[in-house]
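Participant: I have a structure I would like to understand better, so I am pasting it below and will then ask my questions one at a time.
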Amino acid sequence: MKYEEIIQRRVARELHPGTLVNLGIGLPTGVSQFILPEDGILFQSENGIVGMGARPPEGMEYSELTDAGGSFVTAVPGAATVDSTVSFGLIRGGHLDATVLGGLEVDEAGHLANWMVPGRMVPGMGGAMDLVTGARRVIVAMQHTAKGRPKIVPTCTLPLTSTRRVTLIVTDFAVIEPTDEGLVLRERAPDISVEDILNVTTARLIVPDHVPEMDLRAGAAAH
Amino acid sequence: MKHAISPAAAAALIPDGAILMIGGFMGVGSPHRLIDAIVAADKRGLTVIANDTAMPGVGIGKLIAARCVSRVIASHIGLNPETQKCMMAGEIKVELVPQGTLAERIRAAGFGLGGVLTKTGLGTVAAEGQRIIDIDGDPWLYAPPLTADFALLACERADYNGNLSYQLTATNFNPVMAMAGAIVICEPREILPVGAVPPDAVNTPGVLVDHLIERASR
């Protein structure tokens, strides 16, 4: 299984049926392919749609139905479109059950840095700061390392997206939960040992006696 | 009743150095023909307040490429390398604002409010140089109103009273900017007779709109 699929399948298990969820552009977008229709999850995009569907077939795109990256999407039956103030009212006001975002770094305090690399990459925070501040749950979906360099670190060196502690970190190696005591290793990816995870993590990890393998069946888990 | 004017006539209303709010999200819901006319009129020193600067060759991206803009207030410039290049070279001053805060700053201006208090950006570089206001021991980031000389909008349908109706994700920042611009110019796809846009379908009442752009010839 490719690393993206491991992350996307595991994040899908984390979503709650019948809730509103925002998926970030890139790897998080692909989580939607592992959600089942019966999960009843509505995807929100910050450009102003509640109930965003997959990209339409070639030739059936519509120029005024797009996602936050400007790509063509569809609207699921029962979808609604809203303006930017309502879109961010949904996000900031706590009406979004979960946001799934990529990450550049996450640290022992559960702080996320995902929007800039000073002097090199300054794209702007877009909606990321509002999403991490306002969503009920924040799930970071990212590769465990960047070209071999650990991304789960003692303290973020890059500018933070928010000082809020994220809810869960899902990588191609592990599921890690930030807690009051620190980062707890909850699960490991198939064919990955606890040792493997510790070798690519510079942050201190709390390792319980039993670290089960990830459940990668498609669909949201009932909670 | 409002007479629709040409994109060039609308562009002629805008002086060099004007502060413009421009609707749209990655070019979706932007007034494209009006932007082309501003580029053709070779305007200089404009401030653009918008969600993003789109992509090279698209929407606001054309204003960036034509060097019409000296200052940008936006939430995201990542998909337009030209904006980033101009920012690094010091040719364009860029102020990055979280997207929800940008929308609320515009709303505050248009709704007669003294600004908004938000948790977004607290403790991050977005709060640097900003005021933190303590409310009963709880810190909030103060975001001041954002006004503009012009709001340049796009919509799906208008009538000749200036009532505007938007479509799908082309809505985005257009309705809130309609409240905040001193002079509001909208480029509809279609302009219908007064009465043909049902009152319930009007998202922006015509009283806010100063000029309509005539529809594209076909």
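Participant: What is the residue count in the range B:130-145 for residues that are farther than 30 Å from A:PHE43 by Cα and either out of contact with any Gly (no Cβ under 8 Å at 6 or more places or on another chain) or assigned to a helix (DSSP H, G or I) (or both)?
Facilitator: 9
Participant: Further, regarding this structure: Give me the pairs: first residue in the range B:87-103 and facing chain A (nearest Cβ under 8 Å) and touching a residue at least 12 places away in the same chain (Cβ under 8 Å), second residue in a loop (DSSP other than H, G, I, E, B) and charged (D, E, K, R), beta-carbon distance under 8 Å, and six or more apart or on different chains, which are they?
Facilitator: Short answer, once both residue conditions are applied: B:GLN99/A:GLU46.
Participant: Could you tell me which numbered condition A:LEU198 fails, if it satisfies all but one of (1) of a type in the set (A, V, I, L, M); (2) assigned to a loop (DSSP other than H, G, I, E, B); (3) without any contact (Cβ under 8 Å) to a residue 60 or more places away in the chain?
Facilitator: Here A:LEU198 meets the rest and fails (2).
Participant: Which of the residues belonging to the range B:67-86 are in a strand (DSSP E or B) and within 8 Å of chain A (Cβ to nearest Cβ)? Explain how you work it out, then say what you get.
Facilitator: Start the filter on the range B:67-86 by keeping residues that are in a strand (DSSP E or B), which leaves B:69-74, B:76.
Matches in the range B:67-86: B:ALA74, B:HIS76.
Participant: Can I ask one more? Out of A:ALA141, A:ALA98, A:ALA128, I need the residue that is within 12 Å of chain B (Cβ to nearest Cβ), in contact with a strand residue (DSSP E or B) (Cβ under 8 Å, 6 or more places away or on another chain) and touching a residue at least 40 places away in the same chain (Cβ under 8 Å). Which one?
Facilitator: A:ALA128
Participant: Next up: If the requirement is being away from every other protein chain (no Cβ under 14 Å) and either at positive phi or out of contact with any Cys (no Cβ under 8 Å at 6 or more places or on another chain) (or both), which of these qualifies: A:ILE49, A:ILE91, A:ILE25, A:ILE6?
Facilitator: A:ILE6
Participant: Within the bounds of the range B:36-49, is there any residue that is buried (at least 24 other Cβ atoms within 10 Å of the Cβ), outside any strand (DSSP E or B) and either in contact (Cβ under 8 Å) with a residue 60 or more places away in the chain or within 13 Å of another protein chain (Cβ to nearest Cβ) (or both)?
Facilitator: Checked the range B:36-49: no residue is buried (at least 24 other Cβ atoms within 10 Å of the Cβ), outside any strand (DSSP E or B) and either in contact (Cβ under 8 Å) with a residue 60 or more places away in the chain or within 13 Å of another protein chain (Cβ to nearest Cβ) (or both).
Participant: Looking at A:SER162, is it exposed (fewer than 15 other Cβ atoms within 10 Å of the Cβ) and of a type outside the set (Asp, Glu)?
Facilitator: Against the criterion (exposed (fewer than 15 other Cβ atoms within 10 Å of the Cβ) and of a type outside the set (Asp, Glu)), A:SER162 does not qualify.
Participant: Which residues, taken from the range B:170-218, are surrounded by 18 or more Cβ atoms within 10 Å (Cβ to Cβ) and part of a strand (DSSP E or B)?
Facilitator: B:GLY181, B:VAL184, B:ILE185, B:CYS186, B:GLU187, B:PRO188, B:ILE191, B:THR204, B:HIS211, B:LEU212, B:ILE213
Participant: Would you confirm whether any residue within the range A:52-61 is closer than 23 Å to B:THR53 by Cα, of a type outside the set (D, E, K, R) and within 14 Å of chain B (Cβ to nearest Cβ)?
Facilitator: no
Participant: Quick one: count up the residues across the range B:124-166 that are acidic (Asp, Glu), touching a residue at least 12 places away in the same chain (Cβ under 8 Å) and under 26 Å from B:ILE60 (Cβ atoms).
Facilitator: The total comes to 2.
Participant: Please count how many residues of the range A:7-62 are in contact (Cβ under 8 Å) with a residue 60 or more places away in the chain and touching a helix residue (DSSP H, G or I) at 6+ places or on another chain (Cβ under 8 Å).
Facilitator: The total comes to 17.
Participant: Checking the condition surrounded by fewer than 22 Cβ atoms within 10 Å (Cβ to Cβ) and either charged (D, E, K, R) or within 13 Å of chain A (Cβ to nearest Cβ) (or both), which residue from B:VAL58, B:VAL28 passes? Let's see the steps before the verdict.
Facilitator: Working: B:VAL28 fails: surrounded by fewer than 22 Cβ atoms within 10 Å (Cβ to Cβ).
Going through B:VAL58, B:VAL28 in turn, just one is surrounded by fewer than 22 Cβ atoms within 10 Å (Cβ to Cβ) and either charged (D, E, K, R) or within 13 Å of chain A (Cβ to nearest Cβ) (or both): B:VAL58.
Participant: Sort out which residues of the range A:134-155 are under 16 Å from A:PRO178 (Cα atoms) and either surrounded by 22 or more Cβ atoms within 10 Å (Cβ to Cβ) or in contact with a Phe, Trp or Tyr (Cβ under 9 Å, 6 or more places away or on another chain) (or both), and write them in order of number. Steps first, answer last, please.
Facilitator: To start, the set of residues in the range A:134-155 that are under 16 Å from A:PRO178 (Cα atoms) comprises A:136-142, A:144, A:151-155.
Residues satisfying the conditions are A:VAL138, A:ILE139, A:VAL140, A:ALA141, A:MET142, A:HIS144, A:LYS151, A:ILE152.
Participant: Would you pick out the residues in the range B:113-131 that are polar (S, T, N, Q) and within 11 Å of chain A (Cβ to nearest Cβ)?
Facilitator: B:THR118, B:THR120, B:THR124
Participant: Step by step: first the residues of the range A:159-176, then only those that are polar (S, T, N, Q) and within 14 Å of chain B (Cβ to nearest Cβ), then the one that is nearest to A:MET1 (Cα to Cα). Which residue is that? Don't jump to the end; show me each part of the working.
Facilitator: First, the residues of the range A:159-176 that are polar (S, T, N, Q): A:161-163, A:167, A:171.
Narrowing further to those that are within 14 Å of chain B (Cβ to nearest Cβ): A:161-163.
On the way: A:THR161: 30, A:SER162: 32, A:THR163: 34 Å.
Filtering first and then ranking leaves A:THR161.
Participant: Being over 16 Å from A:PRO123 (Cα atoms), facing chain A (nearest Cβ under 10 Å) and either of a type in the set (Phe, Trp, Tyr) or not in a loop (DSSP other than H, G, I, E, B) (or both), is that true of even one residue in the range B:146-163?
Facilitator: There is at least one residue in the range B:146-163 that is over 16 Å from A:PRO123 (Cα atoms), facing chain A (nearest Cβ under 10 Å) and either of a type in the set (Phe, Trp, Tyr) or not in a loop (DSSP other than H, G, I, E, B) (or both).
Participant: Give A:GLY124, A:GLY110, A:GLY119, A:GLY78 a once-over and let me know the one that is surrounded by fewer than 19 Cβ atoms within 10 Å (Cβ to Cβ) and part of a loop (DSSP other than H, G, I, E, B).
Facilitator: After applying the criteria, what remains is A:GLY119.
Bear in mind these aren't lab numbers, they're just calculated from the coordinates by the rules spelled out. The model shown is predicted, which means the values in this text are computed figures rather than measured ones. Reconstructed Cβ throughout: ideal geometry from the backbone, glycine too, with neighbour counts over all protein chains shown.
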